[in-house]
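Asks: Can you read through this structure? Questions will come right after.
Values quoted throughout were computed directly from the atomic coordinates according to the rules given, and no laboratory measurement underlies them. All values reported here derive from a predicted model rather than from experimental measurement. All Cβ positions, even for glycine, are placed from backbone atoms using ideal geometry, and neighbour counts span all protein chains on display.
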Amino acid sequence: MQVAVIGAGSWGTTIADLVARNGHRVAIWAYETEVVDSINGQHENAVFLPGASLAPGIVAHRDIADAVSEAELVVSASPSHAVRSVTGEVGGALRGRTPLVVSLSKGIEEGTDAFMSAILCETMPGCAVTVVSGPSFAREVFEQQPTALVAASRDHAAAEEVQRVLSNGYFRVYTSADVCGVELGGSLKNVIALAAGILEGLGLGSNPRAALITRGLAEMARLGDALGADARTFAGLAGMGDLLLTATGTQSRNHSLGVELGKGRALDAVLAERRSVAEGVRTARTAVDLAERVKVELPIASEVSRILFDGKSPKQAIDHLMGRELRAEHDR
């Protein structure tokens with residue numbers, strides 16, 4: 001199969017490498033000229049996945065039309081805030097062709113509260129969209145450490161085809177029909193990971209972290225219920241699995257950003273030091289907006305948003321959460 005990966009961050013690059021090693025022909029589009037040159041010249045993404053020797057058959061492009069010219073499967077791996085503009089170009093370059101489409105991006109669009117699959121259906125009309133999510137640090141996948149994810153689509157045949165393209169001896173993919181739940185889990189876990197990092201930056205221990213992760217999962221499930229997601233999804237790889245990894249793993253961009261905020265550093269200062277995107281920053285605000293629209297409470301996400309954008313101190317946020325009205329654990 002001819003596969004085009006759109007976005008050459010660490011995750012897009014890793015998936016391109018995995019698919020190439022699975023025997024498929026892979027083109028990858030990168031926004032940065034230096035990334036294109038690095039992949040084509042040294043078979044390495046020295047910017048976003050340094051030290052990783054990529055499958056030699058991968059060809060990098062700076063022009064989207066060149067990357068997708070023969071694509072039978074398109075993988076969207078851009079940061080969530082860029083997905084609409086980038087895949088809009090992809091849709092134009094496809095000129096009416098309808099390849100399978102995979103979404104790797106995790107987030108909710110600002111202003112529209114749209115998930116990535118909905119955007120892809122708009123920008124590439126007629127294409128069957130599959131969302132792939134779950135606990136997966138790019139570096140560990142590249143190192144061929146055993147990893148399991150979920151491929152969710154409303155088109156079961158499309159999900160099964162994506163499952164076949166991605167799966168191998170170290171990368172196991174399950175299928176699901178719950179696109180909403182899988183996308184919601186992949187988005188909100190980044191916000192809870194920010195909060196977990198803040199706790200660590202404050203010097204707090206295991207008790208608050210366990211409470212945070214558990215109640216964060218409850219927020220994910222509560223919003224999912226309001227949006228029609230399958231409750232079982234949040235107990236699976238795209239829910240609890242991804243949340244545990246991102247909220248506790250040292251490779252998590254969102255967790256490490258939260259640690260710096262907990263230490264008292266300013267958001268802008270931390271972001272200025274990074275080229276990779278911490279999706280939880282934007283998602284904190286968009287998730288709260290979405291929850292307000294469907295009349296669901298997200299106490300943790302709301303406090304994270306206030307820390308990020310309203311100057312609220314982490315200590316004040318914790319006091320507010322701990323001082324909320326007492327209630328039953330499973331109250332909606």
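Asks: Quick one: work out the % antiparallel among DSSP beta bridges in region 2-177, nearest 5. Display every interim value, and only then the final one.
Replies: Details: 5 of 30 bridges.
Roughly 15 percent of the beta bridges in region 2-177 run antiparallel, per DSSP.
Asks: Further, regarding this structure: What is the distance in Å between the Cα centroid of region 168-240 and that of region 278-324?
Replies: So the separation of the two Cα centres works out to 15 Å.
Asks: On to the next question. Between GLU34 and MET1, with labels modelled 7 Å along Cα→Cβ, what's the label distance in nm to one decimal, could you check?
Replies: With each label placed 7 Å out from Cα toward Cβ, I get 3.3 nm.
Asks: Which angle between 0 and 90 degrees, to the nearest 10, do you get for helix 280-293 versus the longest principal axis of the chain when only C-alpha atoms count?
Replies: Rounded to the nearest ten degrees, it is 70.
Asks: Could you tell me how far the Cα centroid of region 1-34 sits from the Cα centroid of region 62-130, in Å?
Replies: 14
Asks: Can you list the residues of region 237-255 with backbone N under 17 Å from a point 7 Å past the Cα of MET322, pointing along Cα to Cβ?
Replies: Nothing falls inside the zone, counting backbone N under 17 Å.
Asks: About its Cα centre, what dipole magnitude does the chain give when the only charges are +1 on Lys and Arg Cβ and -1 on Asp and Glu Cβ, stated in debye to the nearest 20? Don't jump to the answer; show the numbers that get you there.
Replies: Numbers: 31 positive and 39 negative charges, 106 e Å.
In total the dipole reaches around 500 debye.
Asks: Using +1 at the Cβ of each Lys and Arg and -1 at the Cβ of each Asp and Glu in the chain, identify which of ALA211, ALA278, ALA71 lies farthest towards the dipole's positive end.
Replies: Value computed over the given set: ALA211.
Asks: On full extension of the chain, what length is gained from ARG164 through ARG275, given 0.36 nm per residue of separation minus the C-alpha to C-alpha distance? Display every interim value, and only then the final one.
Replies: On the way: separation 111, 0.36 × 111 = 39.96 nm, distance 3.23 nm.
Value of the extension gain: 36.7 nm.
Asks: May I ask for the Rg/Rh ratio of the chain, computed from Cα atoms with Rh as the Kirkwood radius, given to two decimals? Show your work: numbers first, answer last.
Replies: Working: Rg = 19.3 Å, Rh = 20.0 Å.
Ratio of gyration radius to Kirkwood radius for the chain: 0.97.
Asks: So which trypsin sites (Lys or Arg not before Pro) in region 6-78 pass both tests, a DSSP loop state and at most 15 other Cβ atoms within 10 Å of the Cβ?
Replies: Values: sites: ARG21, ARG25, ARG62; in loops: ARG62.
Sites meeting the loop and neighbour criteria: ARG62.
Asks: While we're on this one: May I ask you to evaluate 6.51 cos²θ - 1.76 cosθ + 1.60, the Karplus curve with θ = phi - 60°, for each residue of region 79-96 and list the ³J(HN,Hα) values in order in whole Hz, giving x for glycine and proline?
Replies: Those phi angles translate into x, 4, 5, 9, 4, 5, 5, 5, 6, x, 5, 4, x, x, 6, 6, 6, x Hz.
Asks: Rounded to the nearest 500, what is the chain's calculated 222 nm mean residue ellipticity when only DSSP H runs of at least 4 contribute -39500 (n - 2.57) each, over all residues?
Replies: Roughly -15000 deg cm²/dmol at 222 nm, from the helical runs in the chain.
Asks: Next question, about the same structure. Rounded to whole Hz and in sequence order, give me ³J(HN,Hα) for region 181-194 from the Karplus expression 6.51 cos²θ - 1.76 cosθ + 1.60, θ = phi - 60°, writing x for Gly and Pro.
Replies: Values, residue by residue: x, 5, 5, 5, x, x, 7, 6, 4, 5, 5, 5, 5, 4 Hz.
Asks: Let me ask something else about it. Counting only DSSP beta bridges with both residues in the chain, what percent are antiparallel, rounded to the nearest 5? List each step's numbers first, then the result.
Replies: Details: 5 of 30 bridges.
So the antiparallel bridges amount to about 15 percent of the total.
Asks: In nm, to one decimal, how far is the modelled label at ASN207 from the one at ASP63, with both set 7 Å along Cα→Cβ?
Replies: Going from the ASN207 label point to the ASP63 one covers 6.3 nm.
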